[in-house]
1. Find the centroid of the Cα atoms in region 25-42 and in region 173-238, then give the distance between the two in whole Å.
2. If I take R0 = 41 Å and measure r between the Cβ atoms of Thr33 and Phe141 in this structure, what FRET efficiency does the formula 1/(1 + (r/R0)^6) give, to the nearest 0.05?
3. How high is the FRET efficiency from Leu158 to Leu17, r the C-beta distance, R0 30 Å, rounded to 0.05?
4. Helix-only mean residue ellipticity at 222 nm, the chain, DSSP H runs n ≥ 4 weighted -39,500 (n - 2.57), per residue, nearest 500. What is it?
5. So which of Lys182/Lys239; Lys237/Lys276; Lys189/Lys276; Lys209/Lys239; Lys86/Lys209 end up more than 21 Å apart by C-alpha?
6. Within region 1-68, report the GluC sites (Glu not before Pro) that DSSP leaves as loop and that have at most 14 other Cβ atoms within 10 Å.
7. Once Lys and Arg get +1 and Asp and Glu get -1 on their Cβ, which of Pro157, Thr176, Pro48 lies farthest toward the positive end of the dipole of region 7-220?
8. Apply the Karplus curve 6.51 cos²θ - 1.76 cosθ + 1.60, θ = phi - 60°, to the phi angles in region 177-186 and return the couplings in whole Hz, x for Gly and Pro.
Amino acid sequence: MNFNAGDFLAAAVESALAQEDVVEVLVVDNHSTDGSIEQLQAVVSSQPVEIIRLESNLGFAHACNVGAERAIGETLLFLNPDCRMKHGALTQMREALLMQADAGMVGPLLVNPDGSEQRGCRRDIPTPWQIFCVALLFHKFMPDHPRFRNFNHTARPLPDENSIVQAISGACMLVTRNAMDKVGALDRKFFLHFEDLDWCRRFDAAGFKIVFAPHAVVEHTRGVCSRQRPIRVEYHKHKSLITFLRKHFTAYYPSSFMSVVYVVVAMRFFAVVLTKAFGLRKGPPAAWERLMTESTGSEP
């Protein structure tokens, strides 16, 4: 799924084509204007790549659904244009699906360009209470307390084998057609961010396991598609967070507390906007930045 990814798009597609047993590669473009599609066409002119150019940008979830509807495979790989799959990554992910009973979705070990593990590729679903604590820095006072635990697993040792997790990153997801047919497509109400966490929660509710495959390695360069419009991106991130909370947690938390959380999220949004608009040195807490950047499928 592409939106103004520049040279990264062609590199991502080439890395996918280099994987074993690839049946087809579909590139759904969210109305890019940077020439990335033309660059891709020049590179893969003789390869089995289908390009679907949308007339408007309706978000990452919409583009993924368009590609899934067109695809013919029994397993579907959703890959961001700023990802590069290492050798054998797809094979490792497929084997993880076959080895785990009731597995519906698998994610790889995402690494930064420097080779370090990227936050968000193995994590829990953040609750309103955790989001509230992160926003107000409460987690710093009792970081080891179970009520304040980090929803990311990055600080924990990397497992030697495939493991069951609550959520993976939408930057790279391999899902089964069977599971997707039962769970449903990505929710198009999420224009940007949190569509992946929403999907993970729905997969779990339908009885499908979500697997983290540490031996499948994918390099991910964050923020490639969002650099030109940072404030608009922040708006959609925070709006999607509120949509996610309303959809999944209003039945479990008092309405008064949820209202407080919404206000806190809105305050953080304005703090981020002021930071970016006026170039202030001190921005929102690092934990909040990690929450808002990790909960994403892509940045259209």
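Readers should treat all values here as calculations from the given coordinates under stated rules, not as data from a laboratory. Here the structure is a predicted model, which is why all the values come from computation and not from measurement. Positions of Cβ are generated from backbone atoms using ideal geometry, with glycine treated the same way; all protein chains shown enter the neighbour counts.
1. For region 25-42 versus region 173-238, the Cα centre distance is 21 Å.
2. On the way: r = 47 Å, r/R0 = 1.14.
Computed FRET efficiency for Thr33 and Phe141 comes out at 0.30.
3. Values: r = 28 Å, r/R0 = 0.93.
That pair, Leu158 with Leu17, gives E of 0.60.
4. On the way: 10 runs with 120 residues, N = 300.
For the chain, the value works out to -12500 deg cm²/dmol.
5. Details: Lys182/Lys239 27 Å; Lys237/Lys276 14 Å; Lys189/Lys276 26 Å; Lys209/Lys239 28 Å; Lys86/Lys209 24 Å.
Pairs exceeding the cut-off: Lys182/Lys239; Lys189/Lys276; Lys209/Lys239; Lys86/Lys209.
6. On the way: sites: Glu14, Glu20, Glu24, Glu38, Glu50, Glu55; in loops: Glu20, Glu24, Glu55.
Answer in residue order: Glu20, Glu24, Glu55.
7. Pro157
8. For region 177-186, the Karplus-derived couplings read 4, 4, 5, 5, 5, 7, 7, x, 6, 4 Hz, x marking Gly and Pro.
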